[in-house]
Protein chains: 2
Amino acid sequence: MTHSPVSVALIQSPCSEDIESNIENTTNLIRQAAEQGANIIVLQELFAWPYFCREIDDRYFDWAEPVPGPTTRRLEKPAADLQVVIVASLFEKRNPGIYHNTCAVIDADGTYLGKYRKMHIPEDPGFHEKYYFTPGDLGYRTFDTRFGRIGILICWDQWFPEAARITAMMGARLLIYPTAIASLPEEAGETALRYRNAWQTIQRSHGVANGCYVASTNRVGNESQLAFWGHSFISGPFGEILAEGGLDEQIVMSDIDLSSLDRHRTTWPFFRDRRPDSYNAIRSMWLDDENG
Amino acid sequence: MTHSPVSVALIQSPCSEDIESNIENTTNLIRQAAEQGANIIVLQELFAWPYFCREIDDRYFDWAEPVPGPTTRRLEKPAADLQVVIVASLFEKRNPGIYHNTCAVIDADGTYLGKYRKMHIPEDPGFHEKYYFTPGDLGYRTFDTRFGRIGILICWDQWFPEAARITAMMGARLLIYPTAIASLPEEAGETALRYRNAWQTIQRSHGVANGCYVASTNRVGNESQLAFWGHSFISGPFGEILAEGGLDEQIVMSDIDLSSLDRHRTTWPFFRDRRPDSYNAIRSMWLDDENG
């Protein structure tokens, strides 16, 4: 199971209304990443589409598709040809009236391994995901790929330590977050930087708490009022940044050594000392209801 | 309940074998902090003693005392005189054979408000706490002080997002971590810096995940093989550092605005979107037992 080192590539790119062109561009970038030695390639959230959740419009449901379905089938051949694992975030149509924000994993021989459905769904100005996506009902998932066991979470999930913890306890040594996060026009300058730092801090911390690597791919470019801030990154078990992108279309790559985590977790033995007997309250929504 | 702004002071200092002198020095620093306008003063972990856990020796049990007890009584008068909340980490003797790493909270009128017993206990080279301390059995605790509701956790607790989450859900708007963390001689230079960054990252992340302020006091100075790295800090709900100490004896201070967290938590509405229905597995020790 331990393949060492593993080369992880994150593909961050802008998206247009032309879905076919988004998929072709991404497929070209997958080929480039493989030529550069990538083993695991992570696409950004909803990689084939513009970030349609920026507005509420039910025509966008027409873009959804089954998972597995046409897009996963299109990715199976490059995965097999290039011998790379592909992590692909998709707009899933489960049935009329139930749609999910879903991520599929395709192994390096082209086999579809399964999917994870985003558990935590945002709803904020410019991010109307509760309109489009039913919260996931598959729970947390790991996938045994050719290059090791990976855990998939999606964007908003990144703010919830519970999701990272459970996925890590299922044996994931790499936590992957396909993401679409952007600044609004009123959040320029220092505010935008403060948000981006918080976004990196919380994800880097999941690597610290869980003795894991973390890989987060975020899209770039402007879509209507949203300025996607890119800065896809790979971090290690100390929360240290191993590779980081900028604001442009880019392949962000780093080698990671999953086997090193055995020793890391005895040097920093947090899992030894957890107190599950004291964590029952985590299952509450809130514990201080004095305000009603 | 919301007093705004609140001035938080962290007292980081070296400790000697002379307990009386440690307490006197700390009391002088408490007076200085109060003169500078502090409302809440946080002492470092086991502030009255050298960090005796660096070695295993049962003579050190003689230093333990009841909580409340002689040291909390000594702190009640300065708290009342100076109108400051004092957070004091102590070596608690509960009865012969049961000792705890405990933190007492004294309100700004000198009232003893209660105690928290460290839940997560380390045991590593130079940190033999499992020899001295029975893990806490009081669960997580918050304290309604004159200046707002605070949550107390202690040192090793800082690596466990579960502890921060539960304490925040109990209504704490400021998470406080009295700490004694040090480098070993073989961890100099870049390794020490990587560790210190990880230590700050994980604590700053608790502020991000929970929309809280965080205050962490760490001792300074060398004790036998241990080089305590100081760098006590106060951070905000974006994980941003508001004040940070160096390697010397120092009072680290910042104003914080606890009332600002109401708006913060609707702008970044993570608590709205938690999925307690999916967190049951947090109560497991591990979820992937394929290795036996």
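Observations
- Ellipticity at 222 nm from helices only: DSSP H runs of n ≥ 4 in chain A, each -39500 (n - 2.57), divided by the residue count, give -7500 deg cm²/dmol.
- Each other copy places its own label point for B:GLY189 at 4.2 nm from this one, sorted shortest first, where the point lies 7 Å along the Cα-to-beta carbon line.
- Between this copy and the others, label points of B:ASN280 are 1.5 nm apart in ascending order, each placed 7 angstrom from Cα in the Cβ direction.
- Cα centroid separation, segment B:122-137 to segment A:106-168 (Å): 36 Å
- Reachable lysines from B:LYS93, criterion Cα separation under 21 angstrom, eight or more residues apart if same chain: B:LYS115, B:LYS118, B:LYS130
- Note on B:139-149: average number of Cβ atoms from other chains within 10 Å of each residue's Cβ is 1.
- Shielding by other protein chains, A:205-216, mean Cβ within 10 Å: 3
- With its label point put 7 Å out from Cα toward Cβ, B:ARG265 sits 3.3 nm from the same residue's point in the other copies, in order from shortest.
- Scoring A:250-263, B:19-32 by mean Cβ neighbours within 10 Å over their residues and listing the highest first yields A:250-263, B:19-32.
- Whole-Å distance, taken between Cα centres, linking segment A:222-292 and segment A:40-100: 24 Å
- When the chymotrypsin sites (Phe, Trp or Tyr not before Pro) in segment A:218-292 are filtered for DSSP coil states and for at most 15 other beta-carbon atoms within 10 Å of their beta-carbon, the remaining sites are A:TRP286.
- Whichever aspartates and glutamates have a C-alpha closer than 14 Å to that of B:LYS77, once near sequence neighbours (fewer than 8 apart) are set aside: B:GLU24, B:ASP107, B:ASP109
- The protein assembly as shown, accessible surface, carbon-and-sulfur percent (1.4 angstrom probe): 48 percent
- For residues of A:235-241, the mean tally of beta carbons on other chains within 10 Å: 4
The values are calculated or read from the model by the stated rules, or taken from the named source; none is laboratory data. Just so we're clear, the structure is a prediction, and the values are computed from it rather than from any experiment. All Cβ positions, even for glycine, are placed from backbone atoms using ideal geometry, and neighbour counts span all protein chains on display. For accessibility, only protein heavy atoms count, side chains too; no ligands or nucleic acids. Shrake-Rupley method; radii C 1.70, N 1.55, O 1.52, S 1.80 Å.
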